[in-house]
1. By counting other Cβ atoms within 10 Å of each Cβ, how are 385, 454 ranked from fewest to most?
2. Which parts of segment 62-94 would a label at residue 242 reach, counting a residue when its backbone N lies under 16 Å from a point 7 Å out along Cα-to-Cβ?
3. Kirkwood Rh over Cα pairs of segment 381-421 into Stokes-Einstein at 4 °C, 1.567 mPa s: D in µm²/s?
4. Rounded if a/c is under 1.5, else prolate if a/b beats b/c, else oblate: with a ≥ b ≥ c from the C-alpha gyration tensor eigenvalues square-rooted, which is segment 255-391?
5. Which distance in Å, rounded to a whole number, links the C-alpha centroids of segment 385-430 and segment 300-367?
6. Please give, to one decimal in nm, the separation of the simple spin-label points placed at residue 30 and residue 416, each 7 Å out from Cα toward the Cβ.
7. Can you put 328, 254 in order of Cβ neighbours within 10 angstrom, beginning with the fewest?
8. Which of rounded, prolate or oblate describes segment 390-467 when judged by the alpha-carbon gyration tensor and an a/c cut-off of 1.5?
């Protein structure tokens, strides 16, 4: 993986607010609208700053809903993983998994937190054909621009091979971005490699636990408090009257003769995010990762996550529909929260779990609000507000400004657009210089809109490709 010093700046192409398209949530044929840009490459810090301004990626397409115009406003939600405590329904899912692994029991009924299965629609752009079209269009735009420059100088060049667009985006369970969920058949395991490993922490052996139970039973049966030389069982990790932690629920010991074995592996995956391995970061580094769920040697689910400087961002989950009875959507989210807490031990700034978008106007997408404590992002000032304070306002209006201070403004807004960085004719120029050379109608309006949406910090770091 690349080191911080070797990283190239983010390179993006911006598209002004698209026309209204079909909403994947309420099915309004022309109710959804978003701004978008194509990420040829992107640093993890730039993407962290963008999602903290309401952006979200689907493959290489990075989009931001027009919150006050779209029919189903999508609010960025994050869970404070260090303070997270599983709810009763979360515990049911974890116990259901343990019963299945230990005894092969299959529980009936679904967890109330689990998202309903809507029909397959793409909530990002209404039609995956749009994203595929942009993929080809953007690569061609950049290639043609470079080729023209090379011909002028009489040199030859070879276009750098672009990363593959993540396949089967229209067949996934979108835990992160809030897109409609769906199960897909998983037959072929991706090639193994290095990356994020959600390994189990040390836990007591099942044999040791059985011995302790036997000793406790003997002690209870003996009026004298137990036979001579009896050694009292060790005090459990969790004190009486205290709820078990998430880790204790997930990593509970299984008997030696358990019916099934669940394992995890993780490795880097194709993404516009440039991998980084800073010395003060997590051992696996930052970037995009696949997390595989293996049951008895068979892969049953693959989750995609982005590990960023301050968070783990859930992107989506593919799972085998034959195992939907395990509520894999909820189970994987709980595993990812536990993983976030593990990463925090190595990288103290990394402490949040981003679940994508919370859509209050769509009842089947409210389940993300059950992972508490959590915050919603104010769509106007980009500050985080506890979800409990936001819900009353959302009951009265689909679109809300959560920041209650009427004088508060966007602190990260674009203050000096002339410092925005532009890639034009193979040269990097400040926008103040670039605008003196171009005469295209509407050019300035588009660039200023882009600057206002990404903010001052990103506009100065990222390169905006102009053809």
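Just so it is clear, none of the values below were taken in a lab; they were calculated from the coordinates. Since the model is a prediction, treat every value here as computed from it, not as a measurement. Note: ideal-geometry Cβ built from the backbone for every residue, glycine included; neighbour counts use all protein chains shown.
1. Details: 385 19, 454 29.
Least to most surrounded, the residues fall as 385, 454.
2. Output list for this probe position: 83-86.
3. On the way: Rh = 12.3 Å.
D, rounded to a whole number, is 105 µm²/s.
4. oblate
5. Spelled out, the Cα-based centre of one part sits 25 Å from the other.
6. About 4.3 nm separates the two model spin labels.
7. Numbers: 328 26, 254 18.
Going from sparsest to densest Cβ surroundings: 254, 328.
8. Values: a/c = 3.20, a/b = 2.60, b/c = 1.23.
Judged from the Cα gyration tensor, segment 390-467 comes out prolate (a/c at least 1.5, a/b above b/c).
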